[in-house]
1. For a Förster distance of 25 Å, can you work out the FRET efficiency between the beta-carbons of ARG125 and ASP189, rounded to the nearest 0.05?
2. Ranking THR381, THR121 by Cβ neighbours within 10 Å, fewest first, what do you get?
3. Report the local net charge at LEU135: Lys and Arg +1, Asp and Glu -1, summed over other residues whose C-beta lies under 12 Å from its C-beta.
4. Go through [x] 26.6, 85; [y] 21.5, 64; [z] 22.3, 77 and flag the label whose value is the computed Rg and Dmax of the Cα atoms in Å for this structure.
5. Helix by helix through the chain, keep the DSSP H runs that span 24 Å or more along the axis on Cα and average at least -1.0 on Kyte-Doolittle, and give those back in order.
6. If we count every other residue with Cβ under 14 angstrom of ALA382's Cβ, Lys/Arg +1 and Asp/Glu -1, where does the sum land?
7. Which of TRP338, TRP363 comes first, and how do the rest follow, when ranked by fewest Cβ neighbours within 10 Å?
8. Got a sec? Charge dipole of region 13-444, +1 on Cβ for Lys and Arg, -1 for Asp and Glu; which of SER330, HIS163, LEU413 is way out at the positive end?
Amino acid sequence: MCLYCEASFKQGSPNNVAEGLNASVPAPIVPAPPLATQGLPWHAAVDDAVAAIGEARREHGDTFATCHGRDRYLFTFTAAGVEAFYALPEDVASKGVADYLMLRRKLPDELFDGRRTLPGTLFRRGDVAVYLATLESALDATLAELGASGEVDVFDLTRRLGHRLGLASWAGAAAASGAAFERLVAAFDVLDGSDAFVHPDAMAAVAASGKAAETAALEEVVAVVGPLPPDDGLFGRVRAAWADEPDEDARRRGIGLDVALLHVASMSNLHAALGWALVDLAAHPDAVDRVRSGDADFTGRCALESTRLAQRSIMARTVLAPVSFSDGVSTYDVPPGWTIATLLPLLNTSAAPGLQDWDPDRWDRNRLRPVDGLASPQLVTAFGHGRHTCPAQPFSLAAMSTAMTRLVAAYDLEPRWTTYPAPVAAQIGGVARAAGPVPIGYAAR
C-alpha cells in the first residue's frame, strides 16, 4: 500500500464492482499455476504473514496461486512478472478496487458511499505548500507537548503528529487542538482502516461485531466535524462540495464523512514511515549530524531508505476484465475476480546482495542507484513504480524530511530499545507497525 492513497478509487464504483466480483467463484486461470496451501491471515491463523508467503515461494517458485473461499490470488516475484504487474492498466486490473476490498473488512460501507471529496483530489497545485505550512504548526504544538526532556514511544509520537497534521489540513485548525482534537484522535484510533492489513487476524472479530465499534467511531467523527468553523483550505473545498445539499443534517453528515475518508486514507502509513525514519536516524549518529546540518537531499534519502526497509506491503490489482499476464516464463489467462499480487518485503531486501542494510546513499534523489545483481529496478521500491507510484510521494518525503529535521534540531535522541524493533508479525500491507513499544529518550539541545 502506498503512503497516502489506499482509497484512490472512483466515486461510487467500489461497492458496485465488489458486489459483482463476489457474485460467484472466479473461473480458473489457464494454464493453472502451482497452488500453495499456505493461508493469508484473513483466512487462517498465520504466525507471520510474510514468512508464510515466503514459504509458498520456496515450495512453488516465483509464481503461484492461493485460493480461499472466493478469494483468488496470483502471486508473482520474477523480474518480468513484477514489471508486467506494474504495467497493468487500472481499468483492467485495479489497485483502487483491491485496496477497497481490503479496507472494507474494517471500515463501514457508509464511509465509501456518496463521497464528494476523494483522496485523489488532495494534491492540486499549491496544496503541498499549504500542507507543509500546516505541518510546521503541528510540529510547534508537538514540541510544546514534549517539553524539554523525557521519554516517548516513537510511534505514539509520530501517530499523534500525523493526526494533528491531517486534521488541520482536511478539517481546519479548530480540529487540531483542544477537546475536538482529542475526541477525533480517539475516534480515528478506532476507525483505523490500516487494521485491515496490520491486524488482519482481527478482522473476523470485526465482522462478527457488525463493525459496531467502527460505526460508533464514525458517528463520533461526524458529530465533532459538523460544527467546526469553515476555513479557506481543503476544509473549505469539502464544505463547498456539499453546498448544494438543502438538508442541513445531510450536508453536515456528508462533510463529516468526507473528512473521515480523507483522514483514514492519509493516516494509514505516513506516520509509520516517519517513525521508522526516526528509529533509523537514532541508530546512526553520523546521519543525525547530516540531517541536523540541513542537508535536505540526504534527509529525503534517509526517508526513502527507511520506508523501503519498513515495507510490508502486498501490492495487489483486482482483475476486472480478462487479462493475459506473463511472468517471463509462462503466460496466464487471468479471469475477472482474481487478484494479481506481489509482496514488497520479499523483494525489497533480498532482490540483490546488500539490500538488507540501511544505506541512504543507495538513492539518487528519488531513484535507486544501479545495484549489482538486481534483475530489474522495479523489484525494489518505497512508493511504487510508473502509473502506480503514490501521488503523494513528493509531499510524504517533504513532510518526513521536515519533521526529522525539526525533531533532531530540537533534541538529542537516545534509543532506549534493546534490539531493533520488529514489525507486527501478522501484518501484510502498508509500512510496518512495531510489534511492541519503541521508547526513545529526548533532551533539548
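Each value in this text was obtained by applying a stated rule to the coordinates, not by laboratory testing. Predicted model only: the values in this text are computed from it and were never measured. All Cβ positions, glycine included, derive from the backbone under ideal geometry; neighbour counts span all protein chains shown.
1. 0.15
2. Numbers: THR381 24, THR121 14.
Fewest to most other Cβ atoms nearby, the residues stand as THR121, THR381.
3. Overall, the nearby charge balance is 0.
4. Checked against the structure: label [y].
5. 127-146, 154-171, 248-266, 393-410
6. +3
7. The most exposed by this proxy come first: TRP363, TRP338.
8. So the residue furthest toward the plus end is SER330.
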